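For reference, the structure discussed in these notes is given below.
The values are calculated or read from the model by the stated rules, or taken from the named source; none is laboratory data. Everything numeric in this text was worked out from a predicted model, so none of it was measured. Every residue, glycine as well, gets a Cβ built from its backbone with ideal geometry; the counts of neighbours run over all protein chains shown.
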(Lines give C-alpha, C1' and ligand atoms only; values in the text may rest on other atoms or scores of the structure.)
Protein backbone atom coordinates (compact mmCIF):
# COMPACT_ATOMS: atom_id res chain seq x y z
CA UNK A 1 0.00 0.00 0.00
CA UNK A 2 2.79 2.44 0.85
CA UNK A 3 4.49 2.10 -2.53
CA UNK A 4 1.18 2.25 -4.42
CA UNK A 5 0.20 5.41 -2.53
CA UNK A 6 3.55 6.96 -3.43
CA UNK A 7 3.11 6.10 -7.12
CA UNK A 8 -0.48 7.38 -7.10
CA UNK A 9 0.54 10.69 -5.52
CA UNK A 10 3.31 11.11 -8.07
CA UNK A 11 0.84 10.47 -10.90
CA UNK A 12 -1.77 12.85 -9.45
CA UNK A 13 0.79 15.64 -9.32
CA UNK A 14 1.81 15.18 -12.95
CA UNK A 15 -0.68 17.78 -14.35
CA UNK A 16 0.44 20.28 -11.75
CA UNK A 17 4.08 19.71 -12.67
CA UNK A 18 3.23 20.33 -16.31
CA UNK A 19 1.39 23.51 -15.34
CA UNK A 20 4.42 24.64 -13.33
CA UNK A 21 6.70 23.98 -16.31
CA UNK A 22 4.39 25.99 -18.55
CA UNK A 23 4.32 28.85 -16.04
CA UNK A 24 8.11 28.80 -15.83
CA UNK A 25 8.46 29.01 -19.61
CA UNK A 26 5.84 31.75 -19.95
CA UNK A 27 7.21 34.03 -17.25
CA UNK A 28 10.88 33.52 -18.08
CA UNK A 29 10.45 34.32 -21.77
CA UNK A 30 12.11 37.59 -22.83
CA UNK A 31 8.98 38.26 -24.91
CA UNK A 32 6.86 38.45 -21.76
CA UNK A 33 6.82 42.02 -20.37
CA UNK A 34 6.20 40.58 -16.89
CA UNK A 35 9.39 38.51 -16.97
CA UNK A 36 11.64 41.21 -15.52
CA UNK A 37 9.19 42.32 -12.83
CA UNK A 38 9.29 41.34 -9.17
CA UNK A 39 6.00 39.43 -9.55
CA UNK A 40 7.26 37.66 -12.68
CA UNK A 41 10.45 36.53 -11.00
CA UNK A 42 8.39 35.20 -8.06
CA UNK A 43 6.18 33.23 -10.46
CA UNK A 44 9.25 31.66 -12.10
CA UNK A 45 10.86 30.86 -8.75
CA UNK A 46 7.64 29.31 -7.39
CA UNK A 47 7.14 27.18 -10.50
CA UNK A 48 10.78 26.04 -10.47
CA UNK A 49 10.68 25.11 -6.79
CA UNK A 50 7.36 23.25 -7.08
CA UNK A 51 8.56 21.23 -10.09
CA UNK A 52 11.80 20.24 -8.34
CA UNK A 53 10.05 19.23 -5.11
CA UNK A 54 7.53 16.97 -6.85
CA UNK A 55 9.60 15.35 -9.60
CA UNK A 56 11.21 11.90 -9.47
CA UNK A 57 14.98 12.06 -9.82
CA UNK A 58 16.64 9.39 -11.95
CA UNK A 59 20.17 8.05 -11.79
CA UNK A 60 22.58 10.97 -12.33
CA UNK A 61 25.30 10.89 -14.99
CA UNK A 62 28.93 10.60 -13.92
CA UNK A 63 29.94 13.72 -15.87
CA UNK A 64 33.62 12.79 -15.60
CA UNK A 65 35.12 13.44 -19.02
CA UNK A 66 38.71 14.42 -18.24
CA UNK A 67 41.40 14.25 -15.58
CA UNK A 68 44.78 15.91 -15.16
CA UNK A 69 47.92 13.78 -15.43
CA UNK A 70 51.38 15.40 -15.37
CA UNK A 71 49.91 18.81 -16.21
CA UNK A 72 48.04 17.39 -19.21
CA UNK A 73 44.30 17.08 -19.71
CA UNK A 74 43.49 13.41 -20.38
CA UNK A 75 40.09 12.22 -21.69
CA UNK A 76 38.22 9.75 -19.47
CA UNK A 77 35.51 7.29 -20.50
CA UNK A 78 33.27 5.41 -18.08
CA UNK A 79 33.18 1.83 -19.38
CA UNK A 80 31.43 -1.29 -18.13
CA UNK A 81 34.20 -3.72 -17.20
CA UNK A 82 31.96 -6.45 -15.78
CA UNK A 83 28.22 -6.76 -15.36
CA UNK A 84 25.87 -9.03 -13.44
CA UNK A 85 22.22 -8.75 -12.49
CA UNK A 86 22.92 -6.92 -9.25
CA UNK A 87 26.24 -5.16 -9.75
CA UNK A 88 28.04 -3.39 -12.59
CA UNK A 89 31.76 -2.76 -12.35
CA UNK A 90 32.55 0.57 -14.01
CA UNK A 91 36.07 1.39 -15.18
CA UNK A 92 37.10 5.00 -15.70
CA UNK A 93 39.44 4.42 -18.63
CA UNK A 94 42.04 7.14 -19.14
CA UNK A 95 43.19 7.69 -22.71
CA UNK A 96 46.79 6.89 -23.66
CA UNK A 97 47.88 5.66 -20.21
CA UNK A 98 48.71 2.03 -21.00
CA UNK A 99 52.41 2.68 -20.35
CA UNK A 100 51.74 3.86 -16.77
CA UNK A 101 52.09 1.50 -13.82
CA UNK A 102 49.36 3.04 -11.69
CA UNK A 103 47.79 0.90 -8.93
CA UNK A 104 44.32 -0.55 -9.46
CA UNK A 105 41.78 0.92 -7.06
CA UNK A 106 38.35 -0.61 -6.54
CA UNK A 107 35.97 1.87 -4.92
CA UNK A 108 33.04 0.05 -3.31
CA UNK A 109 30.00 2.32 -3.23
CA UNK A 110 27.33 2.02 -0.54
CA UNK A 111 24.15 0.08 -1.19
CA UNK A 112 22.12 2.25 1.14
CA UNK A 113 19.76 4.31 -0.96
CA UNK A 114 21.87 6.58 -3.15
CA UNK A 115 23.51 5.81 -6.47
CA UNK A 116 27.26 5.34 -6.84
CA UNK A 117 27.50 8.77 -8.48
CA UNK A 118 27.37 10.19 -4.95
CA UNK A 119 31.09 9.29 -4.95
CA UNK A 120 31.87 11.45 -7.99
CA UNK A 121 34.36 13.53 -5.96
CA UNK A 122 36.01 10.36 -4.71
CA UNK A 123 36.52 9.04 -8.23
CA UNK A 124 37.85 12.36 -9.51
CA UNK A 125 40.36 12.61 -6.67
CA UNK A 126 42.04 9.29 -7.49
CA UNK A 127 41.89 9.32 -11.30
CA UNK A 128 45.20 11.15 -11.90
CA UNK A 129 47.34 8.42 -10.31
CA UNK A 130 45.15 5.29 -10.15
CA UNK A 131 43.33 2.89 -12.44
CA UNK A 132 39.89 3.44 -10.92
CA UNK A 133 36.98 1.02 -10.85
CA UNK A 134 33.73 1.42 -8.92
CA UNK A 135 30.77 -0.79 -8.04
CA UNK A 136 27.34 0.33 -9.26
CA UNK A 137 24.48 -1.55 -7.59
CA UNK A 138 21.15 -2.26 -9.25
CA UNK A 139 17.96 -0.55 -8.17
CA UNK A 140 15.78 -3.40 -6.84
CA UNK A 141 12.74 -1.71 -8.38
CA UNK A 142 14.17 -2.45 -11.83
CA UNK A 143 15.15 -6.11 -11.29
CA UNK A 144 12.45 -8.68 -12.27
CA UNK A 145 11.40 -11.25 -9.70
CA UNK A 146 12.77 -14.02 -11.94
CA UNK A 147 16.30 -12.74 -11.17
CA UNK A 148 15.94 -14.07 -7.62
CA UNK A 149 16.99 -12.68 -4.24
CA UNK A 150 19.91 -10.50 -3.24
CA UNK A 151 21.18 -10.55 0.35
CA UNK A 152 24.35 -9.98 2.40
CA UNK A 153 25.86 -13.27 1.25
CA UNK A 154 25.33 -12.31 -2.40
CA UNK A 155 27.00 -8.96 -1.68
CA UNK A 156 30.08 -10.69 -0.22
CA UNK A 157 30.19 -13.02 -3.24
CA UNK A 158 30.03 -10.03 -5.59
CA UNK A 159 33.00 -8.47 -3.80
CA UNK A 160 35.06 -11.63 -4.15
CA UNK A 161 34.15 -11.92 -7.83
CA UNK A 162 35.09 -8.29 -8.49
CA UNK A 163 38.49 -8.72 -6.82
CA UNK A 164 39.13 -11.93 -8.75
CA UNK A 165 38.23 -10.14 -11.98
CA UNK A 166 40.63 -7.26 -11.27
CA UNK A 167 43.43 -9.63 -10.26
CA UNK A 168 46.28 -9.45 -7.72
CA UNK A 169 47.58 -6.20 -6.23
CA UNK A 170 44.20 -4.49 -6.32
CA UNK A 171 43.50 -1.93 -3.59
CA UNK A 172 39.96 -1.62 -2.28
CA UNK A 173 38.33 1.47 -0.80
CA UNK A 174 34.98 0.93 0.93
CA UNK A 175 32.85 3.99 1.66
CA UNK A 176 30.44 3.68 4.60
CA UNK A 177 27.99 0.74 4.44
CA UNK A 178 30.14 -1.82 2.56
CA UNK A 179 32.97 -1.77 5.12
CA UNK A 180 31.94 -4.87 7.12
CA UNK A 181 31.13 -6.87 3.98
CA UNK A 182 34.36 -5.94 2.19
CA UNK A 183 36.29 -6.91 5.31
CA UNK A 184 34.44 -10.25 5.36
CA UNK A 185 35.22 -10.88 1.68
CA UNK A 186 38.91 -10.07 2.18
CA UNK A 187 39.12 -12.31 5.26
CA UNK A 188 37.60 -15.25 3.38
CA UNK A 189 39.97 -14.74 0.45
CA UNK A 190 42.94 -14.58 2.82
CA UNK A 191 41.87 -17.76 4.56
CA UNK A 192 41.60 -19.45 1.14
CA UNK A 193 45.03 -18.04 0.21
CA UNK A 194 43.64 -16.45 -2.95
CA UNK A 195 46.22 -14.47 -4.91
CA UNK A 196 43.54 -11.88 -5.75
CA UNK A 197 43.00 -10.85 -2.12
CA UNK A 198 43.40 -7.06 -1.87
CA UNK A 199 46.82 -5.50 -1.41
CA UNK A 200 45.24 -2.92 0.88
CA UNK A 201 41.86 -2.05 2.37
CA UNK A 202 40.74 1.49 3.15
CA UNK A 203 37.55 1.88 5.15
CA UNK A 204 35.90 5.33 5.28
CA UNK A 205 33.13 6.09 7.78
CA UNK A 206 32.15 2.41 7.96
CA UNK A 207 29.91 0.72 10.55
CA UNK A 208 32.39 -2.01 11.51
CA UNK A 209 31.25 -1.88 15.15
CA UNK A 210 28.24 0.37 15.79
CA UNK A 211 28.41 -0.20 19.55
CA UNK A 212 31.11 2.48 19.62
CA UNK A 213 29.91 6.11 19.72
CA UNK A 214 26.40 5.15 18.60
CA UNK A 215 24.66 7.77 16.45
CA UNK A 216 20.97 8.47 15.88
CA UNK A 217 20.67 5.94 13.00
CA UNK A 218 22.45 3.32 15.14
CA UNK A 219 20.09 3.95 18.05
CA UNK A 220 17.04 3.81 15.80
CA UNK A 221 18.16 0.48 14.34
CA UNK A 222 18.30 -1.01 17.84
CA UNK A 223 15.16 0.64 19.19
CA UNK A 224 12.78 -1.47 17.11
CA UNK A 225 12.48 -5.20 16.51
CA UNK A 226 13.30 -6.73 13.14
CA UNK A 227 9.62 -7.56 12.80
CA UNK A 228 8.77 -3.86 13.25
CA UNK A 229 11.06 -2.92 10.35
CA UNK A 230 9.56 -5.66 8.20
CA UNK A 231 6.01 -4.45 8.90
CA UNK A 232 6.57 -0.69 8.70
CA UNK A 233 9.25 0.10 6.09
CA UNK A 234 9.14 -2.83 3.66
CA UNK A 235 6.77 -2.49 0.72
CA UNK A 236 5.92 -4.24 -2.55
CA UNK A 237 6.98 -2.72 -5.88
CA UNK A 238 3.82 -2.04 -7.90
CA UNK A 239 3.21 -2.30 -11.63
CA UNK A 240 4.40 -1.18 -14.14
CA UNK A 241 7.94 -1.28 -12.69
CA UNK A 242 10.16 -4.10 -13.97
CA UNK A 243 10.61 -5.32 -10.40
CA UNK A 244 6.85 -5.50 -9.74
CA UNK A 245 5.92 -7.71 -6.76
CA UNK A 246 9.45 -7.59 -5.32
CA UNK A 247 9.55 -6.75 -1.61
CA UNK A 248 11.85 -3.78 -1.04
CA UNK A 249 12.96 -1.05 1.30
CA UNK A 250 11.90 1.89 -0.92
CA UNK A 251 14.38 4.62 -1.70
CA UNK A 252 11.79 7.31 -0.96
CA UNK A 253 11.43 5.98 2.60
CA UNK A 254 15.20 6.08 3.05
CA UNK A 255 15.29 9.61 1.65
CA UNK A 256 12.57 10.73 4.06
CA UNK A 257 14.66 9.45 6.98
CA UNK A 258 17.77 11.24 5.64
CA UNK A 259 15.87 14.51 5.37
CA UNK A 260 14.23 14.12 8.78
CA UNK A 261 17.67 13.90 10.42
CA UNK A 262 18.51 17.42 9.17
CA UNK A 263 15.07 18.78 8.38
CA UNK A 264 15.80 22.41 9.27
CA UNK A 265 18.91 22.61 7.10
CA UNK A 266 16.99 21.26 4.08
CA UNK A 267 14.09 23.67 4.61
CA UNK A 268 16.55 26.57 4.93
CA UNK A 269 18.41 25.45 1.80
CA UNK A 270 15.23 25.50 -0.27
CA UNK A 271 14.15 28.84 1.15
CA UNK A 272 17.52 30.28 0.16
CA UNK A 273 17.19 28.64 -3.26
CA UNK A 274 13.87 30.45 -3.80
CA UNK A 275 15.40 33.79 -2.80
CA UNK A 276 18.38 33.17 -5.10
CA UNK A 277 16.05 32.38 -8.00
CA UNK A 278 14.19 35.65 -7.45
CA UNK A 279 17.48 37.56 -7.21
CA UNK A 280 18.89 35.89 -10.33
CA UNK A 281 21.91 34.44 -8.49
CA UNK A 282 22.82 31.84 -11.12
CA UNK A 283 25.96 30.46 -9.47
CA UNK A 284 24.24 29.75 -6.15
CA UNK A 285 21.17 28.19 -7.75
CA UNK A 286 23.33 25.90 -9.91
CA UNK A 287 25.21 24.68 -6.83
CA UNK A 288 21.87 23.95 -5.15
CA UNK A 289 20.61 22.08 -8.22
CA UNK A 290 23.79 20.02 -8.52
CA UNK A 291 23.68 18.96 -4.86
CA UNK A 292 19.98 18.09 -4.71
CA UNK A 293 19.92 16.42 -8.12
CA UNK A 294 22.28 13.91 -6.53
CA UNK A 295 20.85 13.88 -3.01
CA UNK A 296 17.25 13.30 -4.13
CA UNK A 297 18.18 10.46 -6.52
CA UNK A 298 17.48 7.25 -4.63
CA UNK A 299 17.12 3.53 -5.28
CA UNK A 300 15.32 0.62 -3.64
CA UNK A 301 17.02 -2.16 -1.65
CA UNK A 302 15.79 -5.75 -1.53
CA UNK A 303 13.91 -6.73 1.62
CA UNK A 304 16.37 -9.49 2.49
CA UNK A 305 19.44 -7.28 2.09
CA UNK A 306 17.98 -4.47 4.18
CA UNK A 307 16.67 -6.62 7.02
CA UNK A 308 19.87 -8.69 7.21
CA UNK A 309 21.89 -5.46 7.38
CA UNK A 310 19.74 -4.20 10.26
CA UNK A 311 20.00 -7.52 12.10
CA UNK A 312 23.63 -8.54 11.46
CA UNK A 313 25.40 -5.18 11.40
CA UNK A 314 23.34 -2.85 13.60
CA UNK A 315 21.50 -5.08 16.08
CA UNK A 316 23.61 -8.20 16.63
CA UNK A 317 27.04 -6.81 15.61
CA UNK A 318 27.97 -10.22 14.23
CA UNK A 319 31.27 -9.23 12.62
CA UNK A 320 32.42 -7.16 15.61
CA UNK A 321 31.56 -10.00 18.02
CA UNK A 322 33.30 -12.66 15.94
CA UNK A 323 30.01 -14.39 15.07
CA UNK A 324 29.59 -13.52 11.40
CA UNK A 325 29.06 -16.48 9.09
CA UNK A 326 29.06 -16.57 5.30
CA UNK A 327 27.19 -19.48 3.75
CA UNK A 328 27.96 -21.60 6.80
CA UNK A 329 31.62 -20.51 7.13
CA UNK A 330 32.97 -18.52 10.05
CA UNK A 331 34.35 -15.14 8.98
CA UNK A 332 37.68 -14.54 10.74
CA UNK A 333 39.42 -11.20 10.08
CA UNK A 334 42.47 -12.61 11.91
CA UNK A 335 43.14 -14.57 8.71
CA UNK A 336 44.41 -11.32 7.17
CA UNK A 337 48.18 -11.15 7.57
CA UNK A 338 49.53 -9.25 4.56
CA UNK A 339 46.74 -6.87 3.49
CA UNK A 340 47.43 -3.30 4.58
CA UNK A 341 44.61 -1.63 6.52
CA UNK A 342 43.73 2.07 6.70
CA UNK A 343 40.70 3.58 8.47
CA UNK A 344 39.33 7.09 7.89
CA UNK A 345 36.80 8.82 10.14
CA UNK A 346 35.21 12.26 10.33
CA UNK A 347 35.27 14.16 13.61
CA UNK A 348 31.63 15.27 13.19
CA UNK A 349 30.24 12.13 11.55
CA UNK A 350 26.63 11.72 12.71
CA UNK A 351 26.08 8.44 10.84
CA UNK A 352 29.20 6.38 11.67
CA UNK A 353 30.54 7.69 14.97
CA UNK A 354 34.18 7.92 16.02
CA UNK A 355 35.62 4.47 16.68
CA UNK A 356 33.17 2.49 14.55
CA UNK A 357 35.57 2.31 11.59
CA UNK A 358 38.70 2.07 13.76
CA UNK A 359 37.26 -1.17 15.13
CA UNK A 360 38.60 -2.91 12.01
CA UNK A 361 42.09 -2.71 13.56
CA UNK A 362 40.92 -4.64 16.62
CA UNK A 363 39.45 -7.39 14.45
CA UNK A 364 42.51 -7.81 12.19
CA UNK A 365 44.69 -9.05 15.02
CA UNK A 366 47.45 -10.56 12.86
CA UNK A 367 48.31 -7.48 10.84
CA UNK A 368 51.66 -5.96 11.82
CA UNK A 369 51.85 -2.30 12.82
CA UNK A 370 53.71 -1.49 9.59
CA UNK A 371 50.57 -2.39 7.61
CA UNK A 372 48.21 -0.18 9.62
CA UNK A 373 47.16 3.47 9.46
CA UNK A 374 44.34 5.51 10.98
CA UNK A 375 43.27 9.09 10.34
CA UNK A 376 40.51 11.26 11.81
CA UNK A 377 39.70 14.37 9.81
CA UNK A 378 38.77 17.35 11.94
CA UNK A 379 35.75 19.46 11.09
CA UNK A 380 33.96 17.11 8.69
CA UNK A 381 30.79 15.06 8.93
CA UNK A 382 29.89 11.87 7.13
CA UNK A 383 29.85 13.23 3.57
CA UNK A 384 33.02 15.24 4.17
CA UNK A 385 34.92 11.98 4.62
CA UNK A 386 34.66 11.21 0.89
CA UNK A 387 33.85 14.54 -0.79
CA UNK A 388 34.52 18.25 -0.49
CA UNK A 389 37.57 20.42 0.04
CA UNK A 390 38.99 18.71 3.13
CA UNK A 391 38.65 15.34 1.44
CA UNK A 392 40.52 16.54 -1.63
CA UNK A 393 43.21 18.38 0.29
CA UNK A 394 43.77 16.18 3.37
CA UNK A 395 42.21 12.75 3.04
CA UNK A 396 42.74 11.73 -0.59
CA UNK A 397 46.52 12.49 -0.57
CA UNK A 398 46.94 10.37 2.58
CA UNK A 399 45.11 7.47 0.98
CA UNK A 400 47.17 7.79 -2.21
CA UNK A 401 50.42 7.67 -0.20
CA UNK A 402 49.17 4.67 1.76
CA UNK A 403 48.38 2.80 -1.47
CA UNK A 404 51.79 3.65 -2.95
CA UNK A 405 53.54 2.50 0.23
CA UNK A 406 51.76 -0.86 0.17
CA UNK A 407 51.75 -1.83 -3.49
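What's the number of the condition residue 165 fails, among (1) modelled with pLDDT of 95 or more; (2) crowded, with 19+ Cβ neighbours inside 10 Å; (3) touching a strand residue (DSSP E or B) at 6+ places or on another chain (Cβ under 6 Å)?
Going through (1) modelled with pLDDT of 95 or more; (2) crowded, with 19+ Cβ neighbours inside 10 Å; (3) touching a strand residue (DSSP E or B) at 6+ places or on another chain (Cβ under 6 Å) one by one, residue 165 breaks only (2).
Please give the number of the condition residue 222 fails out of (1) at pLDDT 95 or above; (2) farther than 30 Å from residue 75 by Cβ; (3) part of a helix (DSSP H, G or I).
If we test residue 222 against (1) at pLDDT 95 or above; (2) farther than 30 Å from residue 75 by Cβ; (3) part of a helix (DSSP H, G or I), just (1) comes out false.
Looking only at the stretch 360-393, which residues are assigned to a helix (DSSP H, G or I), crowded, with 17+ Cβ neighbours inside 10 Å and either at pLDDT below 95 or within 21 Å of the chain's Cα centre (by Cα) (or both)?
360, 383, 384, 385, 391
Return the total of residues in the stretch 20-62 being in a helix (DSSP H, G or I) and either surrounded by 14 or more Cβ atoms within 10 Å (Cβ to Cβ) or in contact with a strand residue (DSSP E or B) (Cβ under 9 Å, 6 or more places away or on another chain) (or both).
Of the residues in that region, 21 qualify.
Looking at (1) assigned to a helix (DSSP H, G or I); (2) out of contact with any helix residue (DSSP H, G or I) (no Cβ under 7 Å at 6 or more places or on another chain); (3) under 25 Å from residue 85 (Cβ atoms), which is the one condition that is false for residue 217?
Among (1) assigned to a helix (DSSP H, G or I); (2) out of contact with any helix residue (DSSP H, G or I) (no Cβ under 7 Å at 6 or more places or on another chain); (3) under 25 Å from residue 85 (Cβ atoms), the lone unmet condition for residue 217 is (3).
Inspect all residues belonging to the stretch 349-357 and state whether any of them is assigned by TED's automatic domain parsing to the domain that holds residue 105, part of a helix (DSSP H, G or I) and touching a residue at least 12 places away in the same chain (Cβ under 8 Å).
no
Residue 173 passes all but one of (1) in a helix (DSSP H, G or I); (2) under 14 Å from the mean Cα position of the chain (by Cα); (3) crowded, with 17+ Cβ neighbours inside 10 Å; which number fails?
(1)
Out of contact with any strand residue (DSSP E or B) (no Cβ under 7 Å at 6 or more places or on another chain), in contact (Cβ under 8 Å) with a residue 40 or more places away in the chain and part of a helix (DSSP H, G or I): is that true of residue 311 in this structure?
For residue 311, the condition - out of contact with any strand residue (DSSP E or B) (no Cβ under 7 Å at 6 or more places or on another chain), in contact (Cβ under 8 Å) with a residue 40 or more places away in the chain and part of a helix (DSSP H, G or I) - is met.
Could you please let me know if residue 354 is at pLDDT 95 or above and farther than 20 Å from residue 200 by Cα?
In short, yes.
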